[in-house]
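S.K.: Quick one: structure below, then a few questions.
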Amino acid sequence: MKERSKSSSVSNLPLILNIDDFKGDFSFDALFGNLVNELLPSFQEDSADSADGHGIGGTDVLPNGHTRTSSDATKFAQGLSAPLFPEVDALLLLFKNSCKELVDLRKQIDGKLSNLKKEVSTQDDKHRKTLTELEKGVDGLFNSFARLDSRISSVGQTAAKVGDHLQSADAQRETASQAIELIKYLMEFNRNPGSLMELSPLFSDDSRVAEAASIAQKLRSFAEEDISKAMPSVVGGATASRGLEVAVANLQEYCNELENRLLARFDAASQRRELSTMSECAKILSQFNRGTSAMQHYVATRPMFIDVEVMNSDNKLVLGDQSSQASPNYVARGLSKLYKEITDTVRKEAATIMAVFPSPNDVMSILVQRVLEQRVTSLLDKLLEKPSIAHPRPVGEGGILLYLRMLAVANEKTQELARDLRAVGCGDLDVEGLTESLFSAHKDEYPEYEQASLRQLYQAKLEELRAESQKVSEPSGTIGRSKGASVASSPLEISVAAVTEFVRWNEEAITRCTLFSSLPATLAANVRSVFTCLLHQVSQYITDGLERARDSLTEAASLRERFVIGSSVSRRVTSQAEAAAAAGESSFKSFMVAVQRAGSSVAIVQQYFANSISRLLLPVDGSHAATCEEMATAMSSAEGAAFKGLHQCIETVMAEVDRLLSTEQKAADYHSPDDGMVHDHRPTNACTRVVAYLSRVLETAFTTLEGLNKQAFLTELGNYLYKGLVNHWQKFTFNPSGGLRLKRDITEYGEFVRSFNAPTVDEKFELLGILANVFIVAPESLSSLFEGTPSIRKDAQRFIQLRDDYKSAKLASRLSSLWSS
C-alpha cells in the first residue's frame, strides 16, 4: 500500500489497494494494521513517549492497552463532553473506500480469470491437435520399426544359415583333412605284415602317446568295421577290402605294444606314487577297451591279493592257532578286526583311484568284487567246513552247532563288511547280492543242518542225564534195600531245566533262521521245521518220563498183587504188603511230580510259541494254524501217558485203601455186642487210618496238579472212594450202635472229601449219611426216611438188608409192601 502524506486530510485522499498485497502469505492483521496506523499517529507518538520514561511512574495503562498520562487525565476530567475517539469518522470513511476498492479489485480479477480461461481453452485445443498429430507419427514410426525388425530377423536367419553352411563346410574340410591323415597312417600300417619300423614319428614319440593311441584306435575301428562289412566281389571273386587285413593285424600288434608300454609306465609310476603320471597313463589306456585292462591290472597288483603273508595273517587273525579249535566269539572278534583292516585298505585305495582313473566307479567295482571273491572267500572256505550229518563230531568238540554258530557269525560280520564297503564306494556292483552268493551253498542245506544239530544236542543231553542218574542211584542201590524202595527211584525223571535248555537251543536256532531267511515264506518254512523238531523232542522227553513213572506204578502194582492179604495173615506177609504199599505211595508221589513237571514243560513250550514263533508264522497264510495242529498232535502222546498214569494212581490209592479197610476194619466196629450201652463217638480205627493215608498221599496231588487236571483227578478219586466204601460196608451187619459208628465214619470221610471241591462227590457222601440212618431207626420208621428222597430207595434197600434184625423183623416183606405202595 502506498504511503500517504501525514499533512493531507484523510477524507480527501483515495484509498488504493494493490493486488500484490494479497499474494504470498496473506495476513489480514497486517493489512488492517497498515490501513489503520496511518490514521492514528497520536497513539504511535504516545507509545514512543511511554517507552522513553513515563512507563514506570508517570503513566497509566488503560484497559484497552493504551497508556494514559497525567495531562490526559486532567483533560479527561476537564472536558467530559468532548468525543472519546475523534478518528472514528476517518476510519469509517477509510473502511468504506477500502470496500469499494476491494470490489473493484474483485472485478478486475474476475476479468483476468475469464481471459485466462479463454486462453487456456485455446491452448488446450491446440495441444490436443498436436497430440493427435504426434500419435499418428508414433504409429508410423512403430510400423517402420516393425518392418525394420522383420528385415533384420530375415537377414539374421540368412546369416545363421550362411554360418551353419560355413561351419559345416569347415567341419567337412577338417574331417577330410583328418581322413587324409588317417588314410596316410592307414597306408603305413598296410604296407607289410608285422612291419612297424617304417611308421611316422608320431607312433614312436613318447611325448605324443595319447595322440598316437587315439589315432591307432580310430584306424583299427575303421579297418575292422570295413572288413566286417566287406562282401565277396561278384567279378573276379576277390574281397572288396582285402588289403586292410594287413593293416588290422599291424594295428592290433601296435596297440598291444603300446598298451604294454603304457602299463609298464603306469606300474613304474605306481611304485613311485606319481599320481599325475598314473593319471595320464590311465586316461590314455581308457581308449583301449574302455580301460578295462588298466583297471584290472591295477587291482590285480594290489598287495592284498598277491602277498602270501597277507593271506596267512588273515587266517591267523581269525582262526588263531591251528592246533586248537577257535570259538565263535574269538572268530567274531577276529573277523571284526580283519574286516576293519580291509575297509581301511579299500578306503585308501579309493583315494588313489579317485585321483588316477577317469572312471573311478568302475575301478572300485572291480576292487570290491576282487576283495569279496578272493580274500573273503578264501577265508570263509577255511572257516566254514561242512560237517557230516551222518557222522558229526561229538558235542564235546563243538558238534554241528559249532559249524552253525560259525556260519551265523561269518554271515553277520560279512554283511557288515558289505555295508561298510558300500559306504566307501563300489560303483554299480551289487555288493549285498554278491555277499549273499558267498553263503548260498551253506544256506541251501541250512535247515537240514539245524535239525541235525538239535537232534544231536538232544541225544547228548539224554546221555548226560542218564549218566547223572546212574551216579545218583549206584551208591544207594545196596543189597539190603527192599524191592519197594528200589521201585520208587526213577532212572530218568522229567527235568524242567532240561526242557528249558531244549527251548534255549531252539530259540538260538530260530535266531539263525531269521538271519539266513530273507523271504517271509522261506523264513516261515524254516521256523516250522525247527520248531517242529522242538515239539517232537519235548513230546518224546516228557512222554518217556511219564512212561517211566508209570512203569514204577506198574511195578508197584505187580508187587502189591503178590502179597494180597487173605484170611490167614502171617507177620512176614503183612510186612511185605506194607512194603508194597510204601512202594505204591512213593510211585504215586513220583508220578504226580512227573505230571507237574510235564505240565510246566508244556507251558514253557506254549509260552515260547506265543512270544517268539507265532509272529514269524502269521505273515504266511496257513503256517500258524498248521503249526498249532502239529503242537496239539505232538503233545497228545504225553497227555495220553499222563491220563493213563493218573488212572493208575487212583488204582494205587484205592488198593491201599482196600488193604487198610481189610486189615483194620473189624466186625465188632459196626455190631457191638453191648448194643444199647454207652455209644463210642469216635470214628473207627480203619476210618482213621484211611483218612490219614489219604491226607498224606494226596498232599502231593494237591500241590502238583492244577486247574482242570486237579479237579478231574480228585472227582474221579472221590467217586472211586465212594464205590469202594459202599462195597466195603456190604461185608458187615449193623445194629443201631454200629449204625451210629458208621454214621460217624461217613461224616469223617465226607469232611475229608470236601477238600476235593467236587460237588458231585460231596452230594454222594451226604446221601451216604442219610442212608446210614436205616441202621439207627426202628423198623416201623424206615418209610419216613425216604419220603423226601425217593431216588435213594434202591441203595437204601441194599443197606437195610445189612441190619442185624433184617430177618427177625421181617423187613423184606415190610419193605416190599412199602415200595409197592
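S.K.: Within the set of pairs 6 or more residues apart or between chains, which connect a residue that is over 15 Å from Glu501 (Cα atoms) inside region 604-615 to a residue that is among the aromatic types (Phe, Trp, Tyr) with Cβ atoms less than 6 Å apart?
M.R.: What qualifies is Ile613/Phe531.
S.K.: A further question on this structure: Which residue, of Val496, Val472, is surrounded by fewer than 21 Cβ atoms within 10 Å (Cβ to Cβ) and either modelled with pLDDT under 85 or farther than 30 Å from Gln606 by Cα (or both)? Steps first, please.
M.R.: Numbers: Val496 fails: either modelled with pLDDT under 85 or farther than 30 Å from Gln606 by Cα (or both).
Being surrounded by fewer than 21 Cβ atoms within 10 Å (Cβ to Cβ) and either modelled with pLDDT under 85 or farther than 30 Å from Gln606 by Cα (or both) holds for just one of Val496, Val472, which is Val472.
S.K.: Looking only at residues that are within 50 Å of the chain's Cα centre (by Cα) and open to solvent by 30 Å² or more (accessible area, probe 1.4 Å) in region 268-279, which one is nearest to Tyr298 (Cα to Cα)?
M.R.: Gln271
S.K.: In region 725-755, which residues are aromatic (Phe, Trp, Tyr), open to solvent by 10 Å² or more (accessible area, probe 1.4 Å) and part of a helix (DSSP H, G or I)? Show your work before the answer.
M.R.: As a first pass, look at region 725-755 and keep what is aromatic (Phe, Trp, Tyr): 729, 732, 734, 749, 752.
Within this subset, residues satisfying the condition of being open to solvent by 10 Å² or more (accessible area, probe 1.4 Å) are 732, 752.
The answer is Phe752, and nothing else.
S.K.: Considering each residue of region 281-292, count those that are crowded, with 16+ Cβ neighbours inside 10 Å and in contact (Cβ under 8 Å) with a residue 24 or more places away in the chain, and give that number. Step through it out loud before you land on a result.
M.R.: First, the residues of region 281-292 that are crowded, with 16+ Cβ neighbours inside 10 Å: 281-288, 291.
Next cut, in contact (Cβ under 8 Å) with a residue 24 or more places away in the chain only: 282-288, 291.
Total satisfying the criteria: 8.
S.K.: So, one more: Search region 492-534 for residues being under 22 Å from the mean Cα position of the chain (by Cα) and β-branched (Val, Ile, Thr), and hand back the single one that is nearest to Met635 (Cα to Cα).
M.R.: Among those that are under 22 Å from the mean Cα position of the chain (by Cα) and β-branched (Val, Ile, Thr), it is Val527.
S.K.: So, in region 294-329, how many residues would count as being open to solvent by less than 90 Å² (accessible area, probe 1.4 Å), part of a helix (DSSP H, G or I) and farther than 24 Å from Arg422 by Cβ? Full working, then the answer.
M.R.: Here is the first cut: in region 294-329, the ones open to solvent by less than 90 Å² (accessible area, probe 1.4 Å) are 294-295, 297-305, 307, 310-315, 317-320, 324, 326-328.
From what's left, part of a helix (DSSP H, G or I): 294-295, 297-300, 303-305, 310-315, 317-319, 328.
Then drop every residue that is not farther than 24 Å from Arg422 by Cβ, which leaves 294, 297, 311-313, 315, 319, 328.
Residues that pass the stated criteria total 8.
S.K.: Can you tell me which residues in region 334-357 are in contact (Cβ under 8 Å) with a residue 60 or more places away in the chain and open to solvent by less than 70 Å² (accessible area, probe 1.4 Å)?
M.R.: Matches in region 334-357: Leu335, Ser336, Tyr339, Ile342, Thr343, Val346, Ala350, Thr352, Ala355, Val356, Phe357.
S.K.: Would you please list the contacts, defined by Cβ atoms under 6 Å and residues six or more apart or on different chains, that run from a residue in region 788-801 that is more than 19 Å from Phe732 (Cβ to Cβ) to a residue that is modelled with pLDDT of 75 or more?
M.R.: Every condition considered, the pairs that remain are Ile792/Leu767.
S.K.: Scan region 109-132 and give yes if some residue there is of a type in the set (A, V, I, L, M), under 30 Å from Asn37 (Cα atoms) and open to solvent by 60 Å² or more (accessible area, probe 1.4 Å), otherwise no. Even if it seems obvious, please write down each step before you answer.
M.R.: Quick first cut of region 109-132, residues of a type in the set (A, V, I, L, M) only: 109, 113, 116, 120, 131.
Within this subset, residues satisfying the condition of being under 30 Å from Asn37 (Cα atoms) are 109.
Now narrow it down to the ones that are open to solvent by 60 Å² or more (accessible area, probe 1.4 Å): 109.
Yes, region 109-132 contains at least one residue that is of a type in the set (A, V, I, L, M), under 30 Å from Asn37 (Cα atoms) and open to solvent by 60 Å² or more (accessible area, probe 1.4 Å).
S.K.: Within region 713-723, is there a residue that is in contact with a Ser or Thr (Cβ under 7 Å, 6 or more places away or on another chain), open to solvent by less than 50 Å² (accessible area, probe 1.4 Å) and not in a loop (DSSP other than H, G, I, E, B)?
M.R.: First, pick out the residues of region 713-723 that are in contact with a Ser or Thr (Cβ under 7 Å, 6 or more places away or on another chain): 715.
Remaining after also requiring open to solvent by less than 50 Å² (accessible area, probe 1.4 Å): 715.
With not in a loop (DSSP other than H, G, I, E, B) added as a condition, the list becomes 715.
Yes - at least one qualifying residue is present in region 713-723.
S.K.: Could we say that Leu105 is farther than 29 Å from Lys23 by Cβ and either among the hydrophobic types (A, V, I, L, M, F, W, C) or within 60 Å of the chain's Cα centre (by Cα) (or both) here?
M.R.: The answer is no for Leu105.
S.K.: Residue under question is Glu188, and the condition is that it be open to solvent by 50 Å² or more (accessible area, probe 1.4 Å) and at pLDDT below 80; does it hold?
M.R.: Working: open to solvent by 50 Å² or more (accessible area, probe 1.4 Å): no; at pLDDT below 80: yes.
Here the answer is no, as Glu188 does not meet what is asked.
S.K.: Right, here's the next one. How many of the residues making up region 262-290 are touching a Pro at 6+ places or on another chain (Cβ under 8 Å) and either over 16 Å from Thr352 (Cα atoms) or outside any helix (DSSP H, G or I) (or both)?
M.R.: Number of matching residues: 1.
The values are calculated or read from the model by the stated rules, or taken from the named source; none is laboratory data. Small disclaimer: the values here were computed from a predicted structure and weren't measured. As a convention, Cβ positions derive from the backbone with ideal geometry for all residues, glycine included, and neighbour counts pool all protein chains shown. The area values use the complete protein model at the heavy-atom level, side chains included, leaving out ligands, DNA and RNA. Shrake-Rupley method; radii C 1.70, N 1.55, O 1.52, S 1.80 Å.
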